[in-house]
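The values are calculated or read from the model by the stated rules, or taken from the named source; none is laboratory data. Treat the numbers as computed from the prediction; the structure is a model and nothing was measured. Neighbour counts run over all protein chains shown; Cβ positions are idealised from the backbone, glycine included. What goes into the accessible areas is simple: the full protein's heavy atoms, side chains included, and nothing from ligands, DNA or RNA. Shrake-Rupley method; radii C 1.70, N 1.55, O 1.52, S 1.80 Å.
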Amino acid sequence: MMRNYLLVPLFLLLILTSCRFKPREGLNWEQNLVAPLVKSRISIEDILTDSSVVHVNPDNSMQIVYRNTLTELFLSDYLVVPDTSVGSKITLDSLSLATDTLEQDLTLGQMARALKENGDPAGDFILNNHGNTIPWFQDIVGQSSPDIEIDASAFFEEADLISGQMVVEIINNLPVSISNVVFNLRNDTIAFDTLVRKTIAVIPPNTTAVESASLAGKTVYSKMAAQLENLDLTAPLFQPIPIDTNDYVRFRIIVKDLSASRATAVFPAQRVLDDFGRIRYDFGDDLAITRLKVGSGELRIRAFSTIQDTIQFSYKLPTAIKDGLPVSVQERLIPDPVADTAGANIVFDLEDYYIDLTVNGDSTNLFPYHLTGDLIYSGVKQTMDLSDSIDLFYGLFEIKPSYIEGYLGKQLFAFDDSVELDFFDAIQGGSIALEKPEVTLTILNSIGVDGELKINSLNGHNSRTGQTVALTGAAVTTPVEVLGPRLPNVGQALLTKIDFNSGNSNINDLLNLLPDRIDFNMDVEVNKYGNPGLLDNFATNESRFSAFLDMQVPLHGIADQLILQDTVVVNISEGTMPEGIEGGELNLIVSNDFPFEAAVQMYFRDAVGNIIDSLFTSGNQVVPAGQVDQNGIVQAPGESTIFAGFDKERLDQIRLRSTEAIIRFSLSTKPDNTPVKIYTSYGIDFHLVGDFIYNVDL
């Protein structure tokens, strides 16, 4: 019966719980909510932000191995090839007209017939004795020839001559002497327009007389006439003379070396320009270059002609060689019959040409060239005057050498710059005394020149603290000779090192500053003791003068309030910090692998970087250092759980506004003044856990 009574209350309870009743307002209870908010680790990678500089030793200890280029010199710093150009103008006074030669014979028979026509019995006597040898009977005087027409129209119509010559050859093939010869040349179109008149005293048998006269300043026409105004035949009386009416006096007229200020002519093929010159480059700084290879650059030629005949020109650089052949450019200026002009623009690529600047080894900085221009025979008459010309501009432009040799001169290069060191960026404050750092200024020189390096200043700067340490000591104040290779050792590099240590400088003080920038000012004086006469310097595109800052810094030392900082995201969600939290604690759980005591603080900040609150209101809390063995290696981490109480208002601010937290550790060596090494396994793990009181309404 007892069992039946028990069933009734259970049944009633089921009925009641199955009904829906609104809870009475104010009915609630409190419960604890444990929520993880932050979890992260600061390791050696966070301390040294550039992990590429971290080197792990065989014992897993660590050191900074760092190289940064302070400065470099290249070929372009030594030599700038200036653009250079040469201009030539060829006008008509350098153009020649054709040479013309005319021959005319005057036979003994022609002279005899002329005598006969004039009623002189000597004419019949000579004609009747053809083929006989007879005593000479009398002198025959006053003979003359008819006009000998000279037709030069195939060569020119008219020309105002600047210079020229007429050469008259009289060849006596008669058996008697001719004397009192008077020769006349005139323009046939104008009466009495005598160009040349010459007198010859005597021409013995079987001899030739030559006379010349200048035509300079004359105007000549294509139609000219030559005449023997007088001719006497003489021989000793009664001397037996063979009579042959075919014997003759030959006149040869040669008009040559004609140049004109104005001419309508068929101009012969001729060279109008032949310019062999040398361009002397002023490279500055007493550079004496013997050989150069062009990395890039151009030969540019621009030509313009008003001459109506075709001009072919050639430009050669006889000492610029590629594949065994010199630079040779040819082009024709073909006149446009409408525009009456001709033009050409030529660009020749000089890449990979070797240029000898010595001109047969007896000089430097000289660039020889040879420019020729030839007028091509057309067979067509053209009219030209002194206003007609060929204008040529030619030269070398944008030459950038890929190799030079010779003497590079005495030059001073100044370097004033800085390099950034970012591997200590995570360290926000404090100091560290590093043991036995090795710092070297390494100079690698593959330019064929010696130099002297002088360090004017080298300063370490920490922008976080605003402090600067200047490097001092004998290693800084003493100039250092930097050697370079010599011909023929192209491609060789010589190494010079300047070591900075505690014995010759205050390098430890500079590094213990934890600099994030190195400022330097240095001078390099090249060829300070060089010999210009040796001409054994060189430089290539690949060779350079490089100065590197090399550092090998063991992570071994003493820390004093060395501040490490990290920023982490705060995990705030409805699950971790819901509404209704009445208060509670934020617990920081820390495991410290470093052999440093760590004072820790955490700050909460909003999305725009404003600090909302800190974890500990009473200041930094201490986490013990890791426990080291007899070898100074941490075997057990220092651990600590630090509690911080928060009321509802502070927690609401964190819940509503906080997006990230800044964790900051201030590390100090414990025990004091005992240097310790840093190993790859070292780091600090930290968790932030919320233990909240949560109000549940019923």
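Quick notes
- Sole residue being among the hydrophobic types (A, V, I, L, M, F, W, C) and more than 24 Å from ILE376 (Cβ to Cβ), chosen from ILE311, ILE301, ILE307, ILE241: ILE241
- Any hit, segment 144-166, residues being assigned to a loop (DSSP other than H, G, I, E, B), surrounded by fewer than 17 Cβ atoms within 10 Å (Cβ to Cβ), out of contact with any Asp or Glu (no Cβ under 7 Å at 6 or more places or on another chain) and charged (D, E, K, R): yes
- Looking at segment 264-350, the strands (runs of 3 or more DSSP E) lying wholly inside it that each contain 2 or more residues that are touching a residue at least 60 places away in the same chain (Cβ under 8 Å) and either hydrophobic (A, V, I, L, M, F, W, C) or surrounded by 13 or more Cβ atoms within 10 Å (Cβ to Cβ) (or both) sit at 270-280, 288-305, 311-322.
- Evaluation of ALA226 against the conditions (1) closer than 16 Å to GLU157 by Cα; (2) among the hydrophobic types (A, V, I, L, M, F, W, C); (3) part of a strand (DSSP E or B) shows that the sole unmet condition is (1).
- Every test in (1) open to solvent by less than 10 Å² (accessible area, probe 1.4 Å); (2) part of a loop (DSSP other than H, G, I, E, B); (3) under 30 Å from ASP450 (Cβ atoms) is passed by PHE520 save one, and that test is (2).
- Test: residue in segment 461-478 that is within 25 Å of PHE74 (Cα to Cα), assigned to a strand (DSSP E or B) and open to solvent by 60 Å² or more (accessible area, probe 1.4 Å): no
- Flag for ASN489 being surrounded by 15 or more Cβ atoms within 10 Å (Cβ to Cβ), of a type in the set (S, T, N, Q) and modelled with pLDDT under 95: no
- Sole residue being modelled with pLDDT under 85 and open to solvent by less than 80 Å² (accessible area, probe 1.4 Å), chosen from PRO9, PRO82, PRO58: PRO9
- Among the residues listed as LEU513, LEU483, LEU494, the single one being crowded, with 19+ Cβ neighbours inside 10 Å, among the aliphatic types (A, V, I, L, M) and either within 30 Å of ILE289 (Cα to Cα) or at pLDDT below 90 (or both): LEU513
Residue-by-condition table, conditions (1) open to solvent by less than 60 Å² (accessible area, probe 1.4 Å); (2) under 30 Å from PRO268 (Cβ atoms); (3) of a type in the set (A, V, I, L, M, F, W, C):
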position	(1), (2), (3)
GLU117	no, no, no
ASN128	no, no, no
ILE134	yes, no, yes
SER179	yes, no, no
ALA201	no, no, yes
THR208	no, yes, no
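- SER502 being assigned to a loop (DSSP other than H, G, I, E, B) and closer than 30 Å to PRO595 by Cα: yes
- A count restricted to segment 210-248 and to residues that are of a type outside the set (Phe, Trp, Tyr) and open to solvent by 30 Å² or more (accessible area, probe 1.4 Å) stands at 21.
- Subset of segment 577-601 [of a type outside the set (A, V, I, L, M), over 22 Å from PRO637 (Cα atoms) and in a strand (DSSP E or B)]: GLU582, GLY583, GLY584, GLU585
- Those residues of segment 199-237 which are among the polar types (S, T, N, Q), more than 60 Å from the chain's Cα centre (by Cα) and modelled with pLDDT under 90, in sequence order: GLN227
- Boolean, GLY379 is open to solvent by less than 20 Å² (accessible area, probe 1.4 Å) and either in a strand (DSSP E or B) or touching a residue at least 40 places away in the same chain (Cβ under 8 Å) (or both): no
- Among residues of segment 352-376, those that are outside any strand (DSSP E or B) and open to solvent by less than 80 Å² (accessible area, probe 1.4 Å), counted: 10
- In segment 559-576 there is at least one residue that is outside any strand (DSSP E or B), modelled with pLDDT under 90 and of a type in the set (Gly, Ala, Ser).
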